[in-house]
Amino acid sequence: MRFVFYTHSVVSDWNHGNAHFQRGVMRELIASGHHAFALEPADGWSRSNLLAEKGPFAIERFRKDFPELIPVTYDASFDHEAWIANADVVIVHEWTDPDLVARIGRAKLNGGNFTLLFHDTHHRAVSATQWISALNLEHYDGVLLFGEALRESYLRAGWGKRAFTWHEAADDRLFRPQLDVEPQSDLVWIGNWGDDERSAEIDQFLIEPARGLGLSGTVHGVRYPAEALAALADAGLRHEGWIANADVPKTFAQHRVTVHIPRRPYREHLPGIPTIRMFEALACGIPLISAPWSDVEGLFRPGKDFLFARDGAELRRHLRDVLHDAELAKALAVAGLETILARHTCRHRVDELFDILAACGNRAAVDSTTAKEAAA
């Protein structure tokens, strides 16, 4: 089958973690014998910022790390209709320009034989409802939402013909334990600043516990203001900026523990949606301690796969316990990896995608699902 993904960027994940999951899904499709292409705007803000910060090196890293992925950039003169005419499936991410979202819908109306899906992995459905409600999804076959709470928001608002929950997951072809790497430092956190969406949480669940315990550690991420960089340095944490995703597994392995700090809109308005870094960290077999969020969908086994901390003081206690109890650290790492491999890899999500496509009437997906069930 031929899949076309409209992405904000698959080349750049600068302040754009959605690229991780899209890359992983496309890699799984390609490994299964399908064709997958990623379309992205030539002037997208993530790609532009990555080039400004790292230069052409970052693009070369992408090509080296993900040689099977085929990114295609488009501008105002791009012939979208010609590009998607022979597609079996077109998946349009919510960062796509609204006019283009509507244009692709019209292409479907005007005889497009592809299954057309809209993919939302953001909180704007609850934080900027006017933006989402203005999108023209009339001719889309369905919408993919990365959490049940978001799916319910779409259903209540009447956005899209069908709504399917499709969580993000770890690309376990990339994210896996690095058993030959020895930890060199205590704590690592990989996450972007996020403006006011988690600035207080970063202080409460990262900076203060690290300072209080006198931990060594590293922070990767972009858009940190000067005062945040000063606070990290004061706490003994090195800030090392953007990190290529292919380097993340080794970085996790060089540290003894990590933390998960969700953004406030997800915690308060979209329960059940962790950041993709949580899936990736557990896939790498590093013990994880999480700031509060509600696992209402039962994605994990809290207390076994990872530890929840209700506040900064409890997170500090959990950090101390994990760093001083090798058996506890090992048990968390083993259990977290077990759950990822059993339920939350991009391979699982591709299987779910084919079930969704079959539900939308895609004949090739129906045949593929039937053949897979017969072989099982």
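Descriptive notes on the structure:
- Residue satisfying all of: in the stretch 146-168; of a type in the set (D, E, K, R) and open to solvent by 30 Å² or more (accessible area, probe 1.4 Å); farthest from ARG347 (Cα to Cα) among these: ARG156
- Set VAL222, VAL181: member being open to solvent by less than 10 Å² (accessible area, probe 1.4 Å), in contact with a helix residue (DSSP H, G or I) (Cβ under 8 Å, 6 or more places away or on another chain) and assigned to a loop (DSSP other than H, G, I, E, B): VAL222
- Filtering the stretch 24-40 to residues that are without any contact (Cβ under 8 Å) to a residue 60 or more places away in the chain and open to solvent by 20 Å² or more (accessible area, probe 1.4 Å) leaves ILE30, GLY33, HIS34, HIS35, PHE37.
- Residue within the stretch 360-374 that is farther than 30 Å from SER185 by Cβ, among the β-branched types (Val, Ile, Thr) and open to solvent by 60 Å² or more (accessible area, probe 1.4 Å) present: yes
- Filtering the stretch 12-23 to residues that are open to solvent by less than 10 Å² (accessible area, probe 1.4 Å), assigned to a loop (DSSP other than H, G, I, E, B) and not small (Gly, Ala, Ser) leaves only HIS16.
- Against the test of being over 29 Å from VAL90 (Cβ atoms), part of a helix (DSSP H, G or I), of a type in the set (Gly, Ala, Ser) and touching a residue at least 60 places away in the same chain (Cβ under 8 Å), the options ALA342, ALA364, ALA329, ALA335 yield a single qualifying residue, ALA329.
- Filter pass, LEU116 being touching a residue at least 40 places away in the same chain (Cβ under 8 Å), surrounded by 15 or more Cβ atoms within 10 Å (Cβ to Cβ) and under 30 Å from ALA358 (Cβ atoms): no
- Residues satisfying the stated conditions in the stretch 225-259, i.e. open to solvent by 20 Å² or more (accessible area, probe 1.4 Å), touching a Phe, Trp or Tyr at 6+ places or on another chain (Cβ under 9 Å) and not in a helix (DSSP H, G or I): PRO225, HIS239, TRP242
- Only one of the listed residues (ARG173, ARG211) is more than 29 Å from VAL334 (Cβ to Cβ), in contact with an Asp or Glu (Cβ under 9 Å, 6 or more places away or on another chain) and at pLDDT 95 or above. That residue is ARG211.
The values are calculated or read from the model by the stated rules, or taken from the named source; none is laboratory data. Just so you know, these numbers come straight off a predicted model, no measurement behind them. As a convention, Cβ positions derive from the backbone with ideal geometry for all residues, glycine included, and neighbour counts pool all protein chains shown. Surface accessibility is based on the protein's heavy atoms, side chains included, excluding ligands, DNA and RNA. Shrake-Rupley method; radii C 1.70, N 1.55, O 1.52, S 1.80 Å.
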